[in-house]
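A short write-up of the structure that comes next.
The values are calculated or read from the model by the stated rules, or taken from the named source; none is laboratory data. This one's a predicted model, so the numbers in the text were calculated from it and none came from an experiment. Cβ placement follows ideal geometry from the backbone for every residue including glycine, while neighbour counts extend to all protein chains displayed.
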Amino acid sequence: MTVASARAPAREVLRVNVIVWRAKARLSQEQLADRAGISRPTLSRVERAAGDVGLDVIERIASALGVAVAELLVPPSEARVDDRELARRAAAAEDEFVDADALLEAIDEAAGPIERYSRAGRPSLAR
């Protein structure tokens with residue numbers, strides 16, 4: 001069993017779509033969290049499919065990204081791309097696509113180290 005298959009399918013779809021839309025908007029986790037009015041650790045949990053998330057959080061993320069909630073919950077198409085679709089994509093506006101570098105940065109950030117916000121694991125402060 002892979003990590004992706006161990007996650008709930010809806011969480012996995014949400015995870016992937018938030019990462020892709022965030023990359024398309026060229027926003028960091030911190031920037032998107034600020035726009036959505038949620039904490040960065042909450043957004044990180046969404047992007048790691050690490051727990052339940054309320055509909056209000058999904059609505060805030062969608063609004064901050066300028067997309068409908070449904071866009072974040074629709075699984076990506078696995079249909080083959082034909083020549084007509086390739087031609088359409090070649091003629092499409094640049095903002096219709098995700099920059100590969102931005103996508104890789106978003107994926108790396110989503111999988112990156114998790115900041116701790118509790119006292120557990122923190123070194124003692126020098127006084």
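Residue pairs whose Cβ atoms lie under 6 Å apart, separated by 6 or more positions or on different chains, with the first residue in the range 74-92 and more than 19 Å from L14 (Cα to Cα) and touching a residue at least 40 places away in the same chain (Cβ under 8 Å) and the second surrounded by 10 or more Cβ atoms within 10 Å (Cβ to Cβ) and among the basic types (K, R), do not occur.
None of V20, V46 is surrounded by 17 or more Cβ atoms within 10 Å (Cβ to Cβ) and free of Cβ contacts under 8 Å to residues at least 40 places away in the same chain except V46.
For the range 61-80, give me the residue count where each residue is assigned to a loop (DSSP other than H, G, I, E, B) and either closer than 16 Å to A23 by Cα or in contact with a Lys or Arg (Cβ under 8 Å, 6 or more places away or on another chain) (or both). Don't jump to the end; show me each part of the working.
Residues of the range 61-80 assigned to a loop (DSSP other than H, G, I, E, B): 66-68, 74-80.
Now restrict to residues that are either closer than 16 Å to A23 by Cα or in contact with a Lys or Arg (Cβ under 8 Å, 6 or more places away or on another chain) (or both): 66-67, 76.
The qualifying residues number 3.
For the range 91-104, a residue qualifies if it is assigned to a helix (DSSP H, G or I) and either of a type outside the set (A, V, I, L, M) or modelled with pLDDT of 80 or more (or both), and the qualifying residues are A91, E94, D95, E96, D101. Among the residues of the range 47-64, those that are among the hydrophobic types (A, V, I, L, M, F, W, C) and more than 13 Å from E30 (Cα to Cα) comprise A49, A50, V53, L55, V57, I58, A62.
Sort out for me the helices (runs of 4 or more DSSP H) sitting completely within the range 1-54 that have 3 or more residues that are at pLDDT 90 or above and of a type in the set (K, R). Outline the logic, then answer.
Numbers: elements: 3-6, 9-25, 29-36, 40-47.
Correct list: 9-25.
Of the candidates I107, I58, the single residue that is part of a helix (DSSP H, G or I), β-branched (V, I, T) and either surrounded by fewer than 10 Cβ atoms within 10 Å (Cβ to Cβ) or modelled with pLDDT of 95 or more (or both) is I58.
Consider the range 13-59 and keep the residues that are more than 13 Å from the chain's Cα centre (by Cα) and charged (D, E, K, R). The one that is nearest to D95 (Cα to Cα) is R35.
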